[in-house]
Each structure stands twice: as structure tokens, then as C-alpha cells.
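Bear in mind these aren't lab numbers, they're just calculated from the coordinates by the rules spelled out. Note that the coordinates shown come from a computational prediction; the quantities given were computed from them, not determined experimentally. Every residue, glycine among them, receives a Cβ derived from its backbone with ideal geometry; neighbour counts consider all protein chains shown.
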Ligand SMILES: [Zn+2]
Ligand SMILES: [Zn+2]
Ligand SMILES: [Zn+2]
């Protein structure tokens, strides 16, 4: 089992348009952050978590050419606007792809990508998305995938536990029942948008103690803004915790 970080950036990406700060102008490739996404590969099958507006670039960057399912955390633009790029994965696989999420997310996708679900001309092709409600643990690509409810400000969204790995983005509160679902992890990927608290995300000041409480063997922080210089921040983090970076591969076998 292997996780690949496809994007570690916040919704603006890093560098941010029009910013000349030391991180946005850094030459360290780990300070260049595409929108937040990861994939988990088990044998020959790969699950994508969220489809960012940069999905095509992310797939090309890591040589991702096969997908078997997509998990959607929520429907903010930085998490779903790449769903049209699923066309290419449909073509390569010769079939439609299951898109898992909450009922709210599936309803949003049907509305936002309306053309994909209508009988219209094909033109350059339409993504073939099989919307699939995930309201409990399901076997996906040979892995147990469990939706974990969390809060993103006032918005209820989903984190996902995939075997001993969890991906918890766009969160500023994890209810006690969900904390219990995130115990015993080998790898936790957790939102820490910036060092200080934020109204809809954990800042690093909340994310570090929560990661310590959950006690995963290894924690990567993601959805990162330009407020972090990768090397400087990593040097200050507790053992077992680090900032994610684009293209990072974590082998769990
Ligand atoms: Zn986001
Ligand atoms: Zn900047
Ligand atoms: Zn969001």
C-alpha cells in the first residue's frame, strides 16, 4: 500500500498569484504546492482522494495513469474542479469510475457537472462518473474505506480512513466519535492551513496537539499556505510529524 501526495497546497496554491514573499519566490521545490489531493495505491489499483483543478498536472507529475475510484471530501472548488479530467482515466480504463462521497457532495457534483449527467452531444467527451453514496465502511480497491465525519467551519464534510491510513483535510473540529475512528493509524494526513488558528481549518497550533493525541506512527500536515517554509517548519516539528510536499510517496508495506 502506498500513498502519494499529489498536492499539499491550500486553495490558492503556492506560489500565490501576485505574491513575492520568500516562500512564494523560494527555489525549494517543496515550497511549490498544488491544490490538495492524494492517492492510495494497493497492488494495481489506485483510489484518488479529491480531484483538484490541477489533477491533470498532478497526474503527469507522478506518472499516474490508472484510477479505479475517487473519494470526495467536500465540494469546494479546490477539491472537485478536476473531475472533468476523469475523462482521460475513463478512456484509459475503458469504463466509468465510481465517485464516492456524502449525499450532499454527490448532489453538488450532479449540479456543478450537469453536462456529464445529461443526454447531450459528446463532443470532446464527458467524464463518466458513477456517483456512489458512502455512508459506512466499504471495500474499495481491496481496502476498507471508512468515511469519517468532521467539521469544516459549520460545514459537515468527510475525512477518510483507508486501512491504517487517514486523510483528514479541511477540518477545524473532529467530533469524539470520529477521533475514535482515527486511532491506531500508521499514517495520518491532517489539515494545518497555516501556523495560527483559522475559522474553517486547523492551524498548526491545533493540528500538532490533535496529531499527538491520535498518535499515528507518522503524521503529514497538508492544505498548506505560503506561511510555511518547508525546511524551517519541518526542523521545528515534533518527531513523527512533518509537512507534506507535492510528489511525496509514503510506502506502507
Ligand atoms: Zn480546501
Ligand atoms: Zn507568498
Ligand atoms: Zn474546503
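A compact table of results
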item	result
Antiparallel content of DSSP bridges confined to region 1-135, in %, to 5	50 percent
Region 152-202: antiparallel DSSP beta bridges as a percent of all, rounded to 5	50 percent
Antiparallel content of DSSP bridges confined to the chain, in %, to 5	55 percent
Cβ-based exposure ranking for 117, 221, in which fewest neighbours within 10 Å come first	117, 221
Efficiency of FRET from Cβ geometry, residue 234 and residue 135, R₀ 25 Å, rounded to 0.05	0.10
Residues of region 1-42 with amide N under 13 Å of a point placed 7 Å along Cα→Cβ from residue 93	40-42
Exposure proxy ranking, count of Cβ atoms within 10 Å, fewest first, for 71, 57	57, 71
Ellipticity estimate at 222 nm from DSSP helix runs (n ≥ 4, -39,500 (n - 2.57)) divided over the chain, nearest 500	-5500 deg cm²/dmol
Calculated FRET value between residue 252 and residue 111, using beta carbons and R₀ = 35 Å, to 0.05	0.45
C-alpha center-to-center spacing [region 54-95, region 97-153] in angstrom	12 Å
Taking the chain and dividing mean pair separation by its residue count, relative contact order in percent (alpha carbons under 8 Å, at least six apart)	20 percent
Neighbour-count order for 191, 28, fewest beta carbons within 10 angstrom listed first	28, 191
Gaussian network model of the chain, Cα within-10 Å springs - most flexible of 149, 175, 53	175
